[in-house]
Ligand SMILES: CC(C)(COP(=O)(O)OP(=O)(O)OC[C@H]1O[C@@H](n2cnc3c(N)ncnc32)[C@H](O)[C@@H]1OP(=O)(O)O)[C@@H](O)C(=O)NCCC(=O)NCCS
C-alpha cells in the first residue's frame, strides 16, 4: 500500500499567476477546491473531480494537483492497474492513469512541475510505474499537434520524470502505431519483480515459456 506522506507544496510563478503543486491530496481536500472548467479531456470537470476523489480512497491511489488560488488547474493520477489489464497481475506495478492541464494554463510548465513533485514521492520508488498512452485520449485539437508530434511531446515530458518507452505485445498498445507504453523502475523494486515485468511485457511468449497455453 502506498504511504500517503504528504509532500511539502511547491510554488511556481507563471505568466498567468501563482501555481501551487501539492499531494497526495485527500478527497475532503479536493472537495474544498473547484475544478477549472477547461478540465474536460477525459470527462466533464464535475465527473472528473468525483473520479479523482475515488482514486484517493483506493489502496494504491495518489492524486497530485496543480492549483491556482482555490481552483484545480491540473492533476496527475496514480492507481493500481485495472483488474482486466495484464499489469494488474504484477505485484509492483502502479499506473500513472492520467495527466491533464487546463488549456488556459498550458505551456506554463505546469505538467512538468506536477510530474516533478509526484515523482519525488518516496512511494514511487517501491513500484514500476507504467503509463499506457493511447492516442485517442490526446488533445490534438487544443494543442494543434498531430498525433506524432503529440507522442514526441508526451514521451519527452514523461522522460523528464524518468519514464522510458518500452515495447510490448499488449493488444491495446498495438492497436495504433502512435500508442506507447512507458515505464519507470523504482529504486526499491527487486530484481525478481523487474524480471517478471520484462516477461509480462510479452505475455504470449511468457505464457508459452511458462507452459500456460
Ligand atoms: C500534455 C499536457 C499535460 C501538457 O501540459 P503543459 O502544462 O502544457 O506542459 P508543460 O508546459 O509542462 O510543457 C512540457 C513540454 O511539452 C511541450 N509542449 C506542451 N504543449 C505543447 C504544444 N502545444 N506544442 C508543442 N510543445 C508543447 C513544452 O514545450 C514542454 O517541452 P520542452 O521541455 O521541450 O520545452 C497538456 O497538453 C494536456 O493536459 N493535454 C491533454 C491531456 C493529455 O493529453 N494527457 C496525456 C495523456 S494521459
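General remarks:
- Mean Cα-pair separation over length for the range 22-111, i.e. relative contact order, pairs under 8 Å, 6 or more apart, %: 27
- When the square roots of the Cα gyration tensor eigenvalues are ordered a ≥ b ≥ c, the ratio a/c for the range 114-213 is 1.5 or more and a/b does not exceed b/c, which makes its shape oblate.
- Computed over the chain with a Gaussian network model linking Cα atoms closer than 10 Å, the most mobile of 142, 126, 188 is 142.
- In the chain, the DSSP beta bridges split such that about 85 percent are antiparallel, to the nearest 5.
- Cα-based shape type of the range 10-209, given that a ≥ b ≥ c are square roots of the gyration tensor eigenvalues and the cut on a/c is 1.5: prolate
- Prolate/oblate/rounded call for the range 161-205, Cα gyration tensor, a/c under 1.5 rounded: oblate
- Taking the longest Cα principal axis of the chain as reference, the axis of helix 191-201 is set at about 90 degrees.
- Relative contact order for the range 6-75, counting Cα pairs under 8 Å that sit 6 or more residues apart, in percent: 35
- Going by neighbour counts of Cβ atoms within 10 Å, the residues 131, 26 line up, fewest first, as 26, 131.
- The chain: angle of helix 45-56 to the longest principal axis, Cα-based, in degrees nearest 10: 60
- Relative contact order (%) - criterion: Cα under 8 Å, at least six apart; region: the chain: 17
- Note on the chain: helix-only mean residue ellipticity at 222 nm, from DSSP H runs of 4+ residues weighted -39500 (n - 2.57) and normalised by residue number, equals -8500 deg cm²/dmol.
- Measuring between their Cα centroids, the range 31-69 and the range 110-125 lie 17 Å from each other.
- Rounded tilt (10° steps) of 147-160 against the dominant C-alpha axis of the chain: 90
Only the coordinates and a few stated rules stand behind these numbers; no lab work does. Note that the structure is predicted; figures quoted are calculated from it, not measured. Backbone-built Cβ (ideal geometry, glycine too); neighbour counts: all protein chains shown.
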